[in-house]
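Have a look at the structure below, then the notes.
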Amino acid sequence: MNLTAFSTFNNITYINNQYYQLYQNSKIVFFVIIIFCFCFFIYFIIVLLMVYFTTPHVRENARYILFAHMLINDTVHLSLGLFLCLAIRFLLYISVPICYILVTFATATLRITPYNLAFMALERYVAICFPLEHIMLCSARRSYFAIAAMWFVGLLPNVADFIVLASSVEVNFFSLKLLCRQQSLLVLPAQNTIQFSTLIASFILVSLVILFTYVKVMLIARKTGSGKSSASKAGRTLILHAVQLFLCLLSLTSSFSELYQGDYYYFVIMINFLMFMCLPRLLSPLIYGIRDEVFRKSIKKMYSTN
């Protein structure tokens, strides 16, 4: 090997080493950012839930019951999402039955979020358009029934998916260990159809509910003619629900981007988790905690006493 070729080889090796070091450092930075966002989310959720469980009249209010359920549901979704991301990052192979349970709850909680938004929008609609019937129609008992209905409907596609999977694969498939992600469990086209169609149908239905309730509420607000009326405030809340729904809809793009299997697959997973799973669910409790008078006063009182 002549001197020029040797020098070129050393330069290429140096560049490759530098690139590899930059790649590893970038992975560490992404990991730290995600852990920080997740910890902040959990901390803020705990604060809001402490207010909910320590304030008696809040626990009897349908609006706050549904909000608390959304917080718990999103916490489960993010916790499972983070665990699955870390499992892929550290090449943790998980048995198919356990992986299927984890993915089932991760996808079910993803579907339940828009359902929760729809019920919260309907509660505001009843409160503004039918104030005399609000106490009866939006009681605590009916709220818990709505939560049970959300979970029943949210888990139905996974039940159908399991029936299709169990009837089509060999028994030894369930004894395998694999990198746990949804794509690893989608072995038949019918499963993709079930997952995609139920998500799209859910988002369309919830969009129609939010649009309907927003139009009705804003008609009442126009009649009152006051920008500070309860109807106007409810209208702004419904706009917030629509924004939350849009952010949840963006999370569907992660299913397509994660089909990428190149060198930057880890970054794709981390970016999807940060932008489409963590950020939308971080904004929701943060905005509600600031906007809602009950939570705002309770949080101020909690920190002022400390």
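How high is the FRET efficiency from residue 236 to residue 169, r the C-beta distance, R0 35 Å, rounded to 0.05? Intermediate values should be presented prior to the final figure.
Working: r = 49 Å, r/R0 = 1.41.
Here the calculated transfer efficiency is 0.10.
Across the range 35-188, Cα pairs under 8 Å and at least six residues apart give a relative contact order of 35 percent. Distance between the pseudo-spin-label points of residue 275 and residue 219 (7 Å out from Cα toward the beta carbon): 4.0 nm.
Largest first, the extents of the alpha carbon coordinates of the range 162-219 on the three principal axes equal 59, 21, 14 Å. Compared with the rule-of-thumb size 2.2 N^0.38 Å for a compact globular protein, the range 42-106 has a Cα radius of gyration ratio of 1.46.
Report the full-extension gain for the segment residue 98 to residue 79: residue separation times 0.36 nm, less the Cα-Cα distance, to one decimal in nm. 5.3 nm is the gain from fully extending residue 98 to residue 79. With the simple spin-label model, which puts each label point 7 Å out from Cα in the Cβ direction, the residue 155 to residue 40 separation comes to 3.4 nm. Projecting label points 7 angstrom from Cα along Cα→Cβ for residue 135 and residue 187 puts them 5.7 nm apart.
How high is the relative contact order of the range 98-248, given as a whole-number percent (alpha carbon pairs under 8 Å, six or more residues apart)?
It comes to 37 percent, rounded to a whole number.
Rounded to two decimals, what ratio of Rg to Rh does the range 92-204 give with C-alpha atoms and a Kirkwood Rh?
On the way: Rg = 18.1 Å, Rh = 16.1 Å.
In the range 92-204, Rg relative to Rh is 1.13.
Would you mind getting me the FRET efficiency between residue 145 and residue 49? Use the beta-carbon distance for r and R0 = 25 Å, nearest 0.05. That gives a FRET efficiency of 0.75.
Taken together, the values in this text are just the output of simple stated rules run on the coordinates, not laboratory data. Fair warning: this is a prediction, and the values are worked out from it, not measured in the lab. Cβ sites come from the backbone with ideal geometry, for glycine too, and all protein chains shown count toward neighbours.
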